[in-house]
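The values are calculated or read from the model by the stated rules, or taken from the named source; none is laboratory data. All figures in this text were calculated on a predicted structure; none of them were measured in a lab. When we count neighbours, we look across all protein chains shown, and the Cβ atoms used for this are built from the backbone with ideal geometry, even at glycine. Note: areas computed on protein heavy atoms with side chains; ligands, DNA, RNA excluded. Shrake-Rupley method; radii C 1.70, N 1.55, O 1.52, S 1.80 Å.
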Amino acid sequence: MKYFTKEYYQIKFLTDTVQHVRQLKSTEQINEKFYRFLYEKQYNLFSFYEKTSDFYHDRTEDLRRIEAYANDANITDEERGFRKDFKELYEYLYGNNLRSKKVFEFDEEMCRRKFAERINSRIELYRQLPQKILDKIADIRVFALGYTSAEVKHLLRPYCAIKRSEIKEIEEKAHRETDRAESHLSEIIGFNEYEEVLLTGIEERNGDILLKVDRVCILSIKDGEILEGNGKTIYPYDEERPNCPWSRIVASELHRSKGKFKVQFLVANNNEIGQTDLWYLTVRGTDITATDDIATVDFTPDL
């Protein structure tokens, strides 16, 4: 049985709908001018946070300015201590990004495409809400931007509570079954923790299937056989450039039957503007091991 389906993923997102929308009386009627105002307001906020990325900002230059600020000769010892603390805090917060690397020019058009895709995908998802709720939403575009009426907010609360309960039940069943199956592995690898992590490589080697997870771990499925997902492209996340496609494991489950184990991943491929392609990666084998020693393993992007 597959617990973590594409439908599960969509319902899980819908469970938080009531938290993603703010009550606003102006949403009770369709108003194109009001929609455009809200759209630009939300886009400007989205764009602001996109621009703060280290891809578009040279923090080594920031550090040089902060060092000059901290070492100013014309300040008191008390002020010097304060500025030194500030410099150390900055290094602590951004220490992993202080190395010199390429700074990209911010792509406004790409940013607008990413935001448009985000809103469009929400609109399509929200169209799956119960019809009695949809009938009360005057403009689903405004709803997707995060605003709704008091009546819709009231209807969403019990709906989201029911869906949260359904999701919790699914997750508990899946985790229990995974724990039971994992107890028969040659080693415990914490399989329930393999969710919302990067999937960066997959390869068949000497009869085994190797999965590179989150850049630091390899799952090896002994005598592996790919049952679902064969031929799908894996997009390794490239931390050196913005807007790159990437693959991630959304959820994982493990089953055992007739002495064999079946690994089931729900995987999301995201392209450069954030469009998501959900697919299943299912691998069967006689045992599963995990290792952090990936230095000597080269991966192809797909099988």
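Any residue at all in the stretch 37-57 that is more than 30 Å from residue 133 (Cβ to Cβ), touching a residue at least 40 places away in the same chain (Cβ under 8 Å), out of contact with any Ser or Thr (no Cβ under 8 Å at 6 or more places or on another chain) and open to solvent by 80 Å² or more (accessible area, probe 1.4 Å)? Within the stretch 37-57 (the criterion being more than 30 Å from residue 133 (Cβ to Cβ), touching a residue at least 40 places away in the same chain (Cβ under 8 Å), out of contact with any Ser or Thr (no Cβ under 8 Å at 6 or more places or on another chain) and open to solvent by 80 Å² or more (accessible area, probe 1.4 Å)), the answer is yes, since at least one residue qualifies. In the stretch 161-175, the residues that are touching a residue at least 60 places away in the same chain (Cβ under 8 Å) form Cβ pairs under 7 Å with partners that are open to solvent by 70 Å² or more (accessible area, probe 1.4 Å), at six or more places apart or across chains, as follows: 167/12. Do we have any residue at all in the stretch 46-56 that's at pLDDT below 95 and among the basic types (Lys, Arg)? Yes. Look at the stretch 136-158: where a residue is over 19 Å from residue 40 (Cα atoms) and a partner is assigned to a helix (DSSP H, G or I) and among the charged types (D, E, K, R), sitting 6+ places away or on another chain with Cβ atoms under 9 Å, you get 136/151; 138/28; 149/25; 149/28; 150/25; 150/28; 151/28; 155/132. Among residues of the stretch 188-202 that are touching a residue at least 12 places away in the same chain (Cβ under 8 Å) and β-branched (Val, Ile, Thr), those with a Cβ under 8 angstrom from a residue that is part of a helix (DSSP H, G or I) and buried (at least 17 other Cβ atoms within 10 Å of the Cβ), sequence gap 6+ or separate chain, pair up as 189/182. Hand me the list of strands (runs of 3 or more DSSP E) wholly inside the stretch 186-276 holding 3 or more residues that are touching a Lys or Arg at 6+ places or on another chain (Cβ under 7 Å), modelled with pLDDT of 95 or more and crowded, with 17+ Cβ neighbours inside 10 Å. The strands (runs of 3 or more DSSP E) meeting that bar are 260-270. Exactly one condition in (1) open to solvent by 50 Å² or more (accessible area, probe 1.4 Å); (2) modelled with pLDDT of 95 or more; (3) under 19 Å from the mean Cα position of the chain (by Cα); (4) more than 15 Å from residue 198 (Cβ to Cβ) is false for residue 280; which is it? All conditions are met except number (1). Scanning the stretch 206-239 for residues that are touching a Gly at 6+ places or on another chain (Cβ under 9 Å), of a type in the set (D, E, K, R) and more than 22 Å from residue 272 (Cβ to Cβ) gives 208, 222, 223, 225.
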